[in-house]
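This report refers to the structure that appears directly beneath it.
The values are calculated or read from the model by the stated rules, or taken from the named source; none is laboratory data. In this text, all values refer to a predicted model and were calculated from it rather than measured experimentally. Neighbour counts are summed over all protein chains in view; Cβ atoms, including those assigned to glycine, are modelled from backbone coordinates with ideal geometry.
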Amino acid sequence: MSHSPGNLFVIAAPSGTGKTTLVKALVDSMPGVTVSISHTTRLKRPQEQDGVNYYFIANDQFHEMIAHQDFLEYATVFNHLYGTSRTWVQQTLEKGLDVILEIDWQGCQQIKKLFPQCISIFILPPSLDDLSERLQLRNQDHPNIIKQRLADVKETISHIKEYEYVIVNAVFNQAVVELKTIIDATRLLQKKQVIKYETLLSDLIKIE
């Protein structure tokens, strides 16, 4: 068997929808898929680890990386910069691994210009009340930031038609299964399978 380049998946959602938790469950339970770790200028939250959740860097360093074209995409979200490493994503895809980017709609638009073949997935909360409750229960943001995040929901969801798939995170385990289904279906595409099973197909064609 040969291997084709990995698939690139872009996943977006309003803040507090549970996107990061869903992606972690997916990566932990599915071989051959990994998540890109973004660089950000925002402060590290108490439970976060540098190099695990994000690479936390200063504004000056972020702008130096922009100048060196180190990012596939970058965007300003709630007054903080977020960016995706160009080199890491390209090298990981070349190894045949599937890569997940957790980025907002601005980043998704940039990625689609560079990787038109990427698969985009949008995660919705089951309700606005549920979203508000999640943001407050996680106790990670100042109340004013929570208000900003809730106010941003309308803008974020207005871009939902730009995505191929939509999942509602109402029942967590079901949402994970649906994510896995999208990954599996993409891996089974004809253009992927003919590369993976090139030798098999060649042998079958030789049958007289």
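Observations on the structure shown:
- Output for the range 97-125, where each listed residue is touching a strand residue (DSSP E or B) at 6+ places or on another chain (Cβ under 6 Å), of a type outside the set (A, V, I, L, M) and either assigned to a helix (DSSP H, G or I) or surrounded by fewer than 16 Cβ atoms within 10 Å (Cβ to Cβ) (or both): TRP105, GLN106, GLY107, CYS108, GLN110
- Residues being among the acidic types (Asp, Glu) and surrounded by 17 or more Cβ atoms within 10 Å (Cβ to Cβ) are entirely absent from the range 41-54.
- Any hit, the range 153-161, residues being surrounded by fewer than 17 Cβ atoms within 10 Å (Cβ to Cβ), assigned to a loop (DSSP other than H, G, I, E, B) and under 19 Å from the mean Cα position of the chain (by Cα): yes
- Looking across THR76, THR20, one residue alone is in a helix (DSSP H, G or I), among the β-branched types (Val, Ile, Thr) and surrounded by fewer than 16 Cβ atoms within 10 Å (Cβ to Cβ). It is THR20.
- Residue match in the range 57-71 (condition: under 19 Å from LYS19 (Cα atoms), in contact with a Ser or Thr (Cβ under 7 Å, 6 or more places away or on another chain) and surrounded by 15 or more Cβ atoms within 10 Å (Cβ to Cβ)): no
- Members of the range 88-120 that are modelled with pLDDT of 90 or more, charged (D, E, K, R) and within 30 Å of ASP152 (Cα to Cα): ASP98, GLU102, LYS112, LYS113
- Inter-residue pairs, beta-carbon under 6 Å, first farther than 20 Å from THR181 by Cα and touching a residue at least 12 places away in the same chain (Cβ under 8 Å) and in the range 119-136, second among the β-branched types (Val, Ile, Thr) and not in a strand (DSSP E or B), 6+ apart: LEU135/ILE146
- Given (1) touching a residue at least 40 places away in the same chain (Cβ under 8 Å); (2) acidic (Asp, Glu); (3) buried (at least 17 other Cβ atoms within 10 Å of the Cβ), number of the condition GLU94 does not satisfy: (3)
- Condition met for LEU81 (in contact with a Phe, Trp or Tyr (Cβ under 6 Å, 6 or more places away or on another chain), surrounded by fewer than 21 Cβ atoms within 10 Å (Cβ to Cβ), farther than 22 Å from LEU124 by Cβ and hydrophobic (A, V, I, L, M, F, W, C)): yes
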